[in-house]
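Only one structure is covered here, and it is reproduced in the block below.
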Amino acid sequence: MKKLFTTLCVFAGLMLTACGGTNESKSADQGGKSSGDAQNTDSYQFEGKLEEGGGFASFTDAAYFLNLSVDGKTSLDKYAFATYDASDAATNSSYSASWMSGTWKAVQKEGVDCLQIKLAFVNEDGSEEGASTYYAYESEGVYSVELTLSIIKGQSFTRTVEMTGQKGQKYADANAFIQAYKKEFVEPTNILKVESKANGGVAYFQEDGKVLIYVGTNNVASGTYVKTATSLTLKFGETEIPVTLSQTGGTFTYNYDLAGYQSIELVFEFPIADFAKLPVTEQGGQGGQGGEELPETALVQLKDEEHNATLTFNKDKTYAISMAFGSYGSFDVQKGTWSFANYKVTLTPESGDAYESSVADGKFVVSTHITWGGGQVDADVTFSADQTIIGKFMQA
């Protein structure tokens, strides 16, 4: 009997020691109590989105997919949806599987049940960068947590992303997640689209006087354009960019900073015929004559100051050359019709031979000999304007 009593006492002592050891166990993480060493029986999925828009959207905007698996592992995937690539996750360069990884477990923090989530960038050699611990709390079946994430691995450029999650599986796989967050690029409405020679730039000119600069599908600048009959200028904030116009086309250059790390040069070129597609936003430079008001029927007027002569091209494809004779007034000394082709204007007078315009030293020139009034006028006259006036004839 004594031997039996002794055995029972030893057994009870062992049991008390085991129970006491379990009750004293605490998580080393901020005093949180672990739910024990038993294997997790639940899995969770979280999702969140960073969407700031603006000039660098494709470099910052992203959707995040956080998986907490039953083996206690975490995997945070990143999908840069602003690149508009919705291809298969396995080959999608905009989708980063296991962008960050770590572990998780169910704990109590300050007496409240929650999920403790550890995340870090894990290098190929197994070392970690940017390790952080987060706690997700549940309310009515929905878990929430805020993650402070680096936009670029190894950089201190961070954003806070609000994540919400649930027990179990919402997305069957990464492809389902991509399809849920994909974006389809829709080009801005425009009356003229100009592509850069390199670096994927596109300039969209809109009918209301706005111009948008894109790199790929990323809007890097928004401004306005000012067009007269003979000039085109782009304005981005306080910066003005004049467009160089020639007989054959126009060209301009826009530089933008890639998130402060690199300056990208975009050189745009377009045929002169496209100049006519843009509406005149400011009067001035009509016919190269300082913005003088034209008769309603007139398209372009050119001057020969030496001979007090004016050449008027009318919208109905007629023209007239008039000369001023002091107090005697002005008289038409030549009339006819005009046509435009191959960047040249052909004038066909009512009598005499047809003649053409020309371009020299950046000037649009019309030269002819006038004989009128029984020899009262016998002179060579020359009318000229900036060569970009060709755009006016294209509009007619």
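Every number here is computed from the coordinates shown, using simple stated rules; none is lab data. All values derive from a computational prediction rather than experimental measurement. Reconstructed Cβ throughout: ideal geometry from the backbone, glycine too, with neighbour counts over all protein chains shown.
Relative to one another, the C-alpha centroids of segment 184-208 and segment 321-362 are positioned 39 Å apart. Full extension of the chain between Thr103 and His369 yields a length gain of 86.6 nm, computed as 0.36 nm times the residue separation minus the alpha carbon distance.
Summing +1 for each Lys or Arg and -1 for each Asp or Glu among the other residues whose beta-carbon sits under 15 angstrom from that of Ala62 gives -1. For the residue pairs Lys197/Lys317; Lys78/Lys170; Lys210/Lys317; Lys78/Lys197, the C-alpha atoms sit more than 28 angstrom apart in Lys197/Lys317; Lys210/Lys317; Lys78/Lys197. Dipole magnitude for segment 288-386: computed about the Cα centre from +1 point charges on Lys and Arg Cβ and -1 point charges on Asp and Glu Cβ, it is near 240 debye.
If each residue's Cβ is checked for other Cβ atoms within 10 Å, how do Asp85, Asp125 rank with the fewest at the top?
On the way: Asp85 18, Asp125 5.
Fewest-to-most Cβ neighbours within 10 Å comes out as Asp125, Asp85.
Candidates Ala324, Leu311, Leu299 compared by Cα position along the dipole of segment 288-386: farthest toward the positive end lies Leu299, with charges placed on Cβ. The fewest-to-most ranking of Thr388, Thr91, Thr251 by surrounding Cβ atoms within 10 Å reads Thr91, Thr251, Thr388.
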